[in-house]
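Report on the following structure.
The values are calculated or read from the model by the stated rules, or taken from the named source; none is laboratory data. These numbers come from a predicted model, not from an experiment. Cβ atoms come from the backbone with ideal geometry, glycine included; neighbour counts cover every protein chain shown.
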DNA sequence: ATCGTCGGATTGTTGAACAATCGGCCGAAG
DNA sequence: CTTCGGCCGATTGTTCAACAATCCGACGAT
């Protein structure tokens with residue numbers, strides 16, 4: 001769990017390492033650790049991250065922590081207030097709408113371009129993963145499956161840059177999902193949508209798939225905006 | 001405190017300020033200087049950037065240069081090879097296609113969503129800027145106008161994140177444009193396209209505007225792929 | 001209660017040091 | 001003559017200690 005997450009996280013900023021063994025730098029590992037704590041909800045939005053504290057806790061130099069902060073700041077997971085410190089990013093209503101604007105752009109574009117059979121199969125796999133999680137009442141599994149589903153859609157385009165952008169956006173969203181995930185029916189309601197989208201995709205009806213996905217995102221945005229003060 | 005007010009200062013994501021006087025950090029200024037040299041073509045793709053050299057040249061600490069590198073690496077303008085150094089990013093054929101995939105996604109999405117009159121006017125302004133530059137035989141002005149045009153299109157969506165992504169993509173493209181810009185007719189041929197797109201946009205025919213823009217991007221991609229060994 | 005001032009704490013930046021790693025040079029072996 | 005292995009210099013990765021600049025909150029004066 002943690003290792004795969006770390007690998008997925010490093011897919012964000014890390015310089016692609018050809019076929020190199022490449023031990024991640026210490027700064028990268030610090031960033032990974034913080035990313036993990038962020039995703040786990042251990043560090044809540046608005047929380048302050050003090051350089052010296054983290055440096056001491058993780059047994060690294062303050063300078064190294066600083067580099068890790070730069071990495072996280074570039075991913076928008078954290079914001080720097082000059083001379084005041086870095087804080088866990090917190091998204092306001094405007095940010096939520098912003099994030100969904102990005103998702104609409106890249107997800108709809110990706111699905112309307114179709115994709116190889118293998119990539120379509122990955123989308124289907126995410127749908128099945130979701131159904132299995134639902135059957136097992138695995139709340140967290142449902143959320144993960146949903147993210148896999150949308151990442152698989154973007155992956156249809158086969159663009160490394162789009163994949164990166166999507167990963168960042170999803171990481172941002174995880175920041176305030178910890179508040180919304182309490183609703184057990186939250187993701188479950190999206191399952192039929194995902195399946196229908198996947199069906200249209202497999203049938204080659206890309207226009208319809210795009211329409212469905214767009215409607216899905218609009219609804220999801222409204223829902224998120226409702227949960228978080230509009 | 002939301003991240004909404006984070007900053008639109010420098011074109012790319014410098015952590016600048018609301019109404020703050022805020023002198024940018026030294027690291028930011030170093031990054032800005034390097035960005036400038038990158039855009040000017042003083043630093044060619046593949047060139048190596050040695051920490052100590054730059055630190056000495058700019059009269060700052062090596063550690064500060066390091067932070068600047070992190071910033072540029074996050075923007076993909078530079079790549080880090082662990083234990084070997086940082087190099088000016090160079091885009092291969094695959095990257096070119098990748099970049100255009102991103103542009104198709106966000107530009108077409110933005111234009112199909114329309115935009116306020118003020119934002120449409122900004123698009124028109126960019127078209128006129130291009131015509132003026134063409135009349136003056138201002139080669140560089142033409143290139144700038146073209147970028148303004150596409151940035152204005154993305155700005156239609158009013159999304160800070162999309163604007164940032166677009167700025168990064170354009171910065172990446174400038175990296176290897178220094179090779180392609182030699183062709184005087186390069187941008188000039190696109191002028192009529194831009195105007196037609198703008199006309200459709202002003203007429204409210206968003207579908208048509210989107211189609212035109214998409215065709216434009218496809219053609220541009222093919223052209224770039226042709227110039228750089230496919 | 002408001003305002004200015006002071007002090008403590010944290011960040012921004014520097015400089016120096018050291019280990020780890022890389023690339024290339026040179027010499028030895030085949 | 002080519003190839004392989006190991007050494008050397010150079011550069012990066014990381015740490016540490018220091019200092020100035022800046023901010024926050026508390027204290028005190030008006």
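Of everything in segment B:72-90 that's more than 14 Å from DNA strand D (Cβ to nearest atom) and within 11 Å of chain A (Cβ to nearest Cβ), which residue is farthest from residue B:177 (Cα to Cα)?
Going through segment B:72-90, the residues more than 14 Å from DNA strand D (Cβ to nearest atom) turn out to be B:74-77, B:89-90.
Adding the requirement that they be within 11 Å of chain A (Cβ to nearest Cβ) leaves B:74-76, B:89.
Values: B:74: 20, B:75: 17, B:76: 16, B:89: 13 Å.
Ranking the candidates gives B:74 first.
Annotation: residue A:158 fulfils all but one of (1) surrounded by fewer than 21 Cβ atoms within 10 Å (Cβ to Cβ); (2) part of a helix (DSSP H, G or I); the unmet one is (2). If I filter segment A:118-126 for residues that are within 14 Å of chain B (Cβ to nearest Cβ), under 29 Å from residue B:214 (Cβ atoms), buried (at least 17 other Cβ atoms within 10 Å of the Cβ) and within 16 Å of the chain's Cα centre (by Cα), do I get at least one hit? No, segment A:118-126 contains no residue that is within 14 Å of chain B (Cβ to nearest Cβ), under 29 Å from residue B:214 (Cβ atoms), buried (at least 17 other Cβ atoms within 10 Å of the Cβ) and within 16 Å of the chain's Cα centre (by Cα).
For segment B:127-144, state whether one or more residues are part of a helix (DSSP H, G or I), modelled with pLDDT under 95 and closer than 30 Å to residue A:169 by Cβ. Checked segment B:127-144: at least one residue is part of a helix (DSSP H, G or I), modelled with pLDDT under 95 and closer than 30 Å to residue A:169 by Cβ. When B:156, B:142, B:77 are screened for being within 17 Å of the chain's Cα centre (by Cα) and not assigned by TED's automatic domain parsing to the domain that holds residue B:174, only B:77 passes. Residues in segment B:210-230 that are closer than 19 Å to residue B:112 by Cβ and either surrounded by fewer than 13 Cβ atoms within 10 Å (Cβ to Cβ) or not assigned by TED's automatic domain parsing to the domain that holds residue B:194 (or both): B:215, B:218. Here residue A:175 meets each of (1) buried (at least 18 other Cβ atoms within 10 Å of the Cβ); (2) within 14 Å of another protein chain (Cβ to nearest Cβ); (3) at pLDDT 95 or above with one exception, condition (3).
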